[in-house]
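Laboratory data are not the source of any read-out in this text; all were calculated from the coordinates shown. Treat the numbers as computed from the prediction; the structure is a model and nothing was measured. Neighbour counts run over all protein chains shown; Cβ positions are idealised from the backbone, glycine included.
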Amino acid sequence: MKQITCIDDLREIHQRRVPKMFFDYVDRGSYAEETLRANRDDFQDIKFRQRILVDISERDLSTEIIGERAALPLILAPVGSTGMQYGDGEIHACRAAQAAGIPYTLSTMSICSLEDVAANVEQPFWFQLYVMRDRGFVKALIERAIAAKCSALVLTVDLQVIGQRHQDIKNGMSVPPEIFRLKNLIDIATKPRWVKGILAGKSRNFGNIAGHLPGSKDLGSVSAWVASQFDPSLNWKDIDWIRSIWPGKLIIKGILDVEDAALAVKAGAEALVVSNHGGRQLDGAPSSIEVLPDVVDAVGDQIEVMFDGGIRSGQDVMRALAMGARSCMIGRAYIYGLGAFGGPGVTKAIDIIKNELSTTMALCGVNSIEEIDDHVLAL
Ligand SMILES: Cc1cc2nc3c(=O)[nH]c(=O)nc-3n(C[C@H](O)[C@H](O)[C@H](O)COP(=O)(O)O)c2cc1C
Ligand SMILES: CCCCCCC(=O)C(=O)O
């Protein structure tokens, strides 16, 4: 892996090794992909102040994330179907995160179930919740997360309906995926390493939501399935209901608006994630980094502000921290590593970002995460 020096290198190998329908599912965004592009482009407008002759020999990248020590201000974001990128992908990703000393978030839409992951990793992980129409099922899902000793619940609030991803429709990325379509079969036949990995994995279907999936003869579009299963009536009052079942830390993911940020504070969440779902939902929404400073100004110290969207480097993490985030989630950056090399690829992605962050801190004359604020920016 010596030749792999940046996240883009991992992306390139992921693209070569994983069938197109699954690579595109990760890589692409909704509709015209304006927000997907803005997430990346807007980072590039944020410039650093280079500082010199500061003793930066003792840099410490560790920090606290919702009251727990973490080796880095980084979290692996929930990513549905991770186990289709690489066999047992969720277990490999969770192990890599724990070895690196950072939290891992398991999606409701994971391939490996809560129980599978819990049985195969050493430490607690976070669980991301989608609220489905069947509230009895949602209650049971939260109870399973409690039984699996999950240490935080990440409630995703920006996907009551799904933003259309044109490429997924063209590729037959339905629920379940149309792998037996001729074009997909031919593509899969050229990816033997991927097939071997998937066949070696424990699960090949969404492990948390058995009983809520269509039969294999009943292929539906992702949007039709989401419309049939996800609860469009979800609203702020439901937070109390979730709180009545979940006793632990609650993180609200998918905030882009200052009024919603204030409501998340009122709802008593421990943290919120400024996120536009990686440009996969409301196309035309601002980039996450554009709205971050306003959200931070609006909530002050009343709630911990996390950030995601477009992070592909340690420089991007530094920019988000400088604009007020306390920690950052990464989605595609670690999935590219997973698709390319399995668990070691996730470790590589984390290491790349860590080393870039460390060097960026040094060149900005900063020794600790707590020191990072807008003084490192050339405003
Ligand atoms: C393939 C894929 C699947 C995702 N699935 C979920 C999910 O199941 N739940 C969720 O809350 N967010 C999901 N997200 C959004 C991520 O958690 C995160 O917000 C986003 O990836 C951040 O943008 P980035 O990929 O540019 O880092 C998904 C993102 C991707 C790329
Ligand atoms: C295959 C069903 C996808 C549900 C949503 C998963 C997600 O959050 C995303 O793709 O983004």
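Could you line up ASP351, ASP283 from fewest to most neighbouring Cβ atoms inside 10 Å?
By the 10 Å Cβ count, ascending: ASP351, ASP283.
Would you list ILE4, ILE251, ILE142 from fewest to most Cβ contacts within 10 Å?
ILE4, ILE142, ILE251
Kindly put MET132, MET1, MET329 in sequence by how many other C-beta atoms sit within 10 Å of each C-beta, fewest to most.
Fewest to most other Cβ atoms nearby, the residues stand as MET1, MET132, MET329.
Tally Lys/Arg at +1 and Asp/Glu at -1 over every other residue whose Cβ is under 12 Å from the Cβ of CYS112; what's the total?
-1
Under 5 Å between amide H atoms, partner at least 5 residues away or on a different chain: which partners does THR156 have, H built in plane at 1.01 Å?
Under 5 Å from the amide H of THR156 lie the amide H atoms of LEU129, LYS253, each far enough along the sequence or on another chain.
Using modelled amide H (1.01 Å from N, peptide plane; none on Pro or chain starts), what sits under 5 Å from the amide H of SER81, excluding residues fewer than 5 places away?
The answer is SER110, ILE111.
With charges set only on the Cβ (+1 for Lys and Arg, -1 for Asp and Glu), what does the dipole of region 230-341 come to about its Cα centre, in debye to the nearest 20?
The calculation lands at about 420 debye.
Suppose only helical runs count, i.e. DSSP H with n ≥ 4. What mean residue ellipticity at 222 nm does that imply for the chain under -39500 (n - 2.57) per run, divided by all residues and rounded to the nearest 500 deg cm²/dmol?
-13000 deg cm²/dmol
From the phi angles alone, apply the Karplus equation (6.51, -1.76, 1.60; θ = phi - 60°) to region 342-349 and give each ³J(HN,Hα) in whole Hz, x where the residue is Gly or Pro.
x, x, x, x, 5, 4, 4, 4
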